[in-house]
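J.: Quick one: the structure is below, questions incoming.
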Amino acid sequence: MKERIYLFDTTLRDGQQTPGIDFSVEDKIAIAAMLDEFGIDYVEGGYPGANPTDTAFFSEKRTSQAAFVAFGMTKRAGVSVSNDPGIAGLLQAKSDAICFVAKSWDYHVAVALGCTNEENLECIAESVKAAVNAGKEAMVDCEHFFDGFKANPAYALACAKTAYESGARWVVLCDTNGGTQPPEVRAIVEAVIAAGVPGHCLGIHAHNDTGQAVANSLAAVEAGVRQIQGTLNGIGERCGNANLVTLIPTLALKSAYNTRFETAIDEERLLNLTRLSHAFDELLNRSPDHQMPYVGVSAFATKAGIHASALLKDPRTYEHVPPESVGNFRKVMVSDQGGKANFINALKRRGIEVAKDDPKLDLLISIVKERESIGYAYEGADASFELLACRTLGTIPEFFTIEGFRVMIERRFDSLGRVKIVSEAVVKITIDGQTLMSVADAEGPVNALDLALRKDFGKYQHEIDDLVLADFKVRILNGGTEAITRVLIESTDSDGIRWWTVGVSENIIDASFQALMDSVIYKLMKNRQLAGKIAAE
Ligand SMILES: [Zn+2]
């Protein structure tokens, strides 16, 4: 009987502390859905009451499988739990669980909270009880636990024990400053278990300041903890948090762990790991780390040379795990079988059947590879990939043809002498031999283009009424002498289904137009049950 390790994702809360990262409500909804679909046990969404984004995010439950977790401070000293507005906000949030952060280093209790050690213990106990009484699962992040333990072991243990004895499902030991070493983590976790908090109620929250957040998490598991907190791609403050994208395959594929432990991510779910990691980077609008363990494009790449021919004879001689097990590719030469199998798999998930020896499949693979080399990113644009596959392998109904578009941008002064930018777009389309021309203006050129395109769609007009562009991301890719622009558009409709499309061009408006076109065509396909199997999952 294997012991279960629970996976707790804090991308949306601790990950938000990453310099340069700021999630919108839309981003948070999309990321929570990605984590939920992937199979993470706990998705921590943020800090309701602390800012308008998180308050709005917690107005609804955002996961269907995973436990949805709100984060917040334990009650303040000197205020009863029912009179603490912070606690009220947490109890009202539409979450399944509450993760309280509590001080467990006596120095911080005195300096940051300005209350006595006993008062802090009471705050922990009362907060946990309030959450449990409200029918929520309670957990306590013991902040600075390892440093606090080194300074005053008795007090750090008292905090952990108080949380446990008050009914917390999980007591999470945090290496908040990230400087603790694996042997110290192991020894301190053992001391906590010896003091009476059982390992099946303990979690680890490690930061990566010495590059050992993953190692520290595994050391804690070895010592007995059964919940791991981390983030997607290891994002987080300073050097980041423990990287779940590294921890999950290690637990699943390495015999040091998989003979004793299991997580919610079984072999089948693990196949989606690379896609999850890359889709998350696309959403953040940043380039994936090529050397990230397991999922980086270089993780299973071998430069031609002495290794390549041996690798082709027997890949296992040069790979620590099969790349397909995490949804990644072996990269040695262009038409490798691993790549082909992955393509067939990706198509199958979309309900598109294709034979392994169909020449159209080779054509599709070469088109995708060529397009990716010039900047397209299909991992972040599922709908565009699906359309490209349908176009190459079969047929897509010819709904309409674009005759052309024109965008004019004018900078002028209004009657009060203020600068005004006006964009005017003209779009010409043909439906059933009839040409329709629409004009629209807006402040931004893309907005004007979108308005003009959707102003008169002939017989399809009513079909795209509920199409909403939820997000728009632009990235400038530097290739050669000319900058290339990539635009990713997220769309949704009244079914609540979301899809992503991509456009690439030297011209930002053209790139936007391509992504916009794909979104509209995908919507028409989806309306006819010809597409959207993945998006609807
Ligand atoms: Zn943290």
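J.: Report the Cα centroid-to-centroid distance between the range 92-136 and the range 355-376 in angstrom, as an integer.
T.: Cα centres, the range 92-136 to the range 355-376: 55 Å.
J.: Cα axis of helix 117-133 to longest principal axis of the chain: angle in degrees, 0 to 90, nearest 10?
T.: So the inclination is approximately 50 degrees.
J.: Another one. How long are the semi-axes of the equivalent ellipsoid of the chain, defined as square roots of 5 times the Cα gyration tensor eigenvalues? Whole Å, largest first. Spell out each step's value before the answer.
T.: Working: eigenvalues 420, 189, 78 Å².
So the three semi-axes of the chain are 46, 31, 20 Å.
J.: Using the basic label-point model (7 angstrom from Cα toward the beta carbon), what is the HIS462 to ARG238 distance in nanometres?
T.: 6.1 nm
J.: If you don't mind, there's one more thing I want to ask. When all C-alpha to C-alpha distances in the range 422-478 are sorted into bins of 10 Å, what percent of pairs does each bin hold, rounded to whole numbers?
T.: Result, from short to long distances: 22, 43, 28, 7, 0 percent.
J.: Could you give P(r) for the range 334-491, binned at 5 Å from zero, as whole percent values over all Cα-Cα pairs?
T.: Result, from short to long distances: 1, 7, 12, 13, 16, 16, 14, 9, 5, 3, 1, 1, 0, 0 percent.
J.: If you don't mind, another one. Hey, with R₀ at 51 Å, roughly what FRET efficiency would ASN133 and SER325 work out to, going by the Cβ-Cβ distance, to 0.05?
T.: On the way: r = 44 Å, r/R0 = 0.87.
That gives a FRET efficiency of 0.70.
J.: Using every pair of alpha-carbon atoms in the range 3-265, split the distances into 10 Å bins beginning at 0 and state the percent of pairs per bin, rounded to integers.
T.: Binned Cα distances yield the sequence 8, 33, 39, 19, 2, 0.
J.: As a test of understanding, state the convex hull volume per residue of the range 476-531 from its alpha carbons, in Å³.
T.: Working: hull volume 3.8 nm³, N = 56.
Output value, Cα hull per residue: 68 Å³.
J.: Where nothing but the Cβ of Lys and Arg (+1) and of Asp and Glu (-1) is charged, how large is the charge dipole of the chain around its Cα centre, in debye to the nearest 20? List each step's numbers first, then the result.
T.: Working: 54 positive and 72 negative charges, 130 e Å.
That gives a dipole near 620 debye.
J.: Shifting gears a bit: What length, rounded to one decimal in nm, is gained on full extension from THR116 through to GLN65, with 0.36 nm per residue of separation minus their alpha-carbon distance? Don't skip to the end; give the middle numbers.
T.: Working: separation 51, 0.36 × 51 = 18.36 nm, distance 4.03 nm.
Here the segment from THR116 to GLN65 would lengthen by 14.3 nm.
J.: Roughly how far apart, in whole Å, are the Cα centres of the range 17-54 and the range 237-302?
T.: 19 Å
J.: Taking the alpha-carbon set of the range 97-196, what are its Rg and Dmax in Å?
T.: Spelled out, the Cα radius of gyration and Dmax of the range 97-196 are 12.8, 39 Å.
J.: Can you give the convex hull volume per residue for the Cα atoms of the range 6-156, as a whole number of Å³?
T.: Working: hull volume 18.2 nm³, N = 151.
Given the Cα convex hull of the range 6-156, per-residue volume reads 120 Å³.
J.: If you don't mind, there's one more thing I want to ask. Quick check: Cα centre of the range 397-472 to Cα centre of the range 165-226, how many Å?
T.: With the range 397-472 and the range 165-226 each reduced to a Cα centre, they are spaced 56 Å.
J.: Also, quick follow-up: Take the alpha-carbon positions of the range 168-225, form their convex hull, and give its projected area averaged over all directions (one quarter of the hull surface) in nm². Before the final figure, lay out each step's value.
T.: Numbers: hull surface 13.6 nm².
For the Cα atoms of the range 168-225, the hull's average projected area reads 3.4 nm².
J.: Got a sec? Charge dipole of the range 3-265, +1 on Cβ for Lys and Arg, -1 for Asp and Glu; which of ASN233, ALA77, LEU253 is way out at the positive end?
T.: Highest projection toward the positive end goes to LEU253.
J.: Let me ask you something else. Within the range 417-454, find all residues whose amide N lies under 17 Å from a label point positioned 7 Å from the Cα of VAL474 along Cα-to-beta-carbon.
T.: So the set is 421-425, 442-451.
J.: May I ask which residue of VAL101, CYS115, ALA377 lies farthest towards the positive end of the charge dipole of the chain, with charges of +1 (Lys, Arg) and -1 (Asp, Glu) on Cβ and the Cα centre as origin?
T.: Positive-end residue among those listed: ALA377.
J.: May I pose another question? From the cross-link list LYS473/LYS523; LYS103/LYS136; LYS348/LYS428; LYS369/LYS523; LYS61/LYS129, which pairs have alpha carbons spaced over 30 Å apart? Don't jump to the answer; show the numbers that get you there.
T.: On the way: LYS473/LYS523 19 Å; LYS103/LYS136 21 Å; LYS348/LYS428 36 Å; LYS369/LYS523 25 Å; LYS61/LYS129 22 Å.
From LYS473/LYS523; LYS103/LYS136; LYS348/LYS428; LYS369/LYS523; LYS61/LYS129, over 30 Å: LYS348/LYS428.
All of the numbers you see were taken from the coordinates with simple rules; none came from a lab. The shown structure was predicted, so the numbers you read here are calculated from the model rather than taken from an experiment. No Cβ is skipped: glycine too gets one built from the backbone with ideal geometry, and neighbour counts run over all protein chains shown.
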